[in-house]
Amino acid sequence: MNEKSLIQIIKTTLNSEYIGDDCAYLKDLGIVITQDSLVEDIHFKREFITTFQLGYKTAMVNISDVCASGAKPMYMTISLSLPNSVDEEFVKEFYEGVKDASKDIKIVGGDLTGSDKIYISATAIGKTEGRKISSRSNAKENYKIIVSGEHGSSAYGLNLLLNNKTEPEYFIKKHLMPVAQEEFSRQIAENSTEDYAMMDTSDGLADALMQIAQASKVTLIIDSSKIPHAPQVDMETVLYGGEDYQLVAAVPEHLLKKLDAYTIIGEVKNGNTGLIIDGKVYTDIDEKLYKHFKE
């Protein structure tokens, strides 16, 4: 089994129109909502990350999902399942990190339980008023593919940590303390009058591109030489590394003049669903992605 198959089973079983994007858009309530989990030894190892950084990253990965929808992040709840090996100081430092990442986003509740290791589950809510909300199914012919920031740095930093390296600190910080792209999201959502597609790159840039292509039933043509990345980072890591929490969007070209900072890396064309990267056709990239479940 794999994650995408499980999501499809859940969506089909529930007959839900809300499952499929980074956030569920509850139009009648004027909000989007998302939930994410972090599991010790799966998403993080305590020897690599401080408690403060863990709290910070917990908040940021959820804020990033709200940004991917185009909504304004507003509220968050966090549930912690903790083993006996952590103490009250852990909880204090964790929430100091959450607070630092959240800024004016309010933490309004959660839950505490005991467990065999650290499990974290966070829910974030965003406000949609005055914003056009995205969907990965909204990419259209001749839309431009744009990205925020650079790609591959987080995965490069993780590889340094796994090889017991602490330098360059720049890459390690990119992995441990990512920054959600709130301004990039706001500019697109507040200035859009047409539908657009947007996702964050938590599972890798290529994965986000493929999901937009498949959901929109279009082909995305990408020039990898245009993708911003540090010179040390190879293209495989840039495309498939993940956890950069940058944003990728498919938008009409006329919107670009209303945006401050972006990079065009490709365009949308009708035709066979999938990716064309540097002239090579990809219809499936799952084998290159991290797998949560054994198949």
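The values are calculated or read from the model by the stated rules, or taken from the named source; none is laboratory data. In this text the structure is predicted, and so the values were computed from the model without any measurement. Cβ atoms come from the backbone with ideal geometry, glycine included; neighbour counts cover every protein chain shown. When the accessible area is computed, the model is the full protein with side chains, heavy atoms only, and any ligands, DNA or RNA have been set aside. Shrake-Rupley method; radii C 1.70, N 1.55, O 1.52, S 1.80 Å.
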Selection over the stretch 40-60 where residues are open to solvent by less than 30 Å² (accessible area, probe 1.4 Å) and assigned to a loop (DSSP other than H, G, I, E, B) yields a count of 1
Kindly indicate the residue of the stretch 171-182 that is in contact (Cβ under 8 Å) with a residue 40 or more places away in the chain and open to solvent by 20 Å² or more (accessible area, probe 1.4 Å) and also farthest from A124 (Cα to Cα) among those meeting that condition. K174
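Each row is one residue, and each column tells you yes or no for (1) under 14 Å from the mean Cα position of the chain (by Cα); (2) modelled with pLDDT under 95.
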position	(1), (2)
I7	no, yes
K27	no, no
I31	no, no
L54	no, no
S64	yes, no
State whether the residues of the stretch 279-295 include one that is crowded, with 20+ Cβ neighbours inside 10 Å and aliphatic (A, V, I, L, M). no
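Among the residues of the stretch 73-91, is there at least one that is polar (S, T, N, Q) and either in contact with a Pro (Cβ under 7 Å, 6 or more places away or on another chain) or outside any strand (DSSP E or B) (or both)? Give the steps one after another, and end with the answer.
Keep residues of the stretch 73-91 that are polar (S, T, N, Q), which gives 77, 79, 81, 84-85.
Now drop any that are not either in contact with a Pro (Cβ under 7 Å, 6 or more places away or on another chain) or outside any strand (DSSP E or B) (or both), which leaves 84-85.
So far as the stretch 73-91 goes, yes, one or more of its residues are polar (S, T, N, Q) and either in contact with a Pro (Cβ under 7 Å, 6 or more places away or on another chain) or outside any strand (DSSP E or B) (or both).
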For the stretch 9-25, name all the residues that are in a helix (DSSP H, G or I) and either modelled with pLDDT of 80 or more or open to solvent by less than 60 Å² (accessible area, probe 1.4 Å) (or both). I9, I10, T12, T13, L14
Evaluation of I63 against (1) open to solvent by 20 Å² or more (accessible area, probe 1.4 Å); (2) in contact with a strand residue (DSSP E or B) (Cβ under 6 Å, 6 or more places away or on another chain); (3) assigned to a helix (DSSP H, G or I) (one fails), failing number: (1)
Pairs, first over 17 Å from K174 (Cα atoms) in the stretch 39-52, second in a loop (DSSP other than H, G, I, E, B), C-beta under 6 Å, six or more apart: E40/K117; E40/I118
So in the stretch 264-283, with the set limited to residues that are in a loop (DSSP other than H, G, I, E, B) and free of Cβ contacts under 8 Å to residues at least 60 places away in the same chain, which one is farthest from G242 (Cα to Cα)? G271
How many residues of the stretch 130-170 are of a type in the set (V, I, T), more than 21 Å from the chain's Cα centre (by Cα) and open to solvent by less than 30 Å² (accessible area, probe 1.4 Å)? The answer is 0
With acidic (D, E), more than 24 Å from I19 (Cα to Cα), out of contact with any strand residue (DSSP E or B) (no Cβ under 9 Å at 6 or more places or on another chain) and in contact (Cβ under 8 Å) with a residue 12 or more places away in the chain as the only criterion, which of D195, D260, D223 stands out? D260
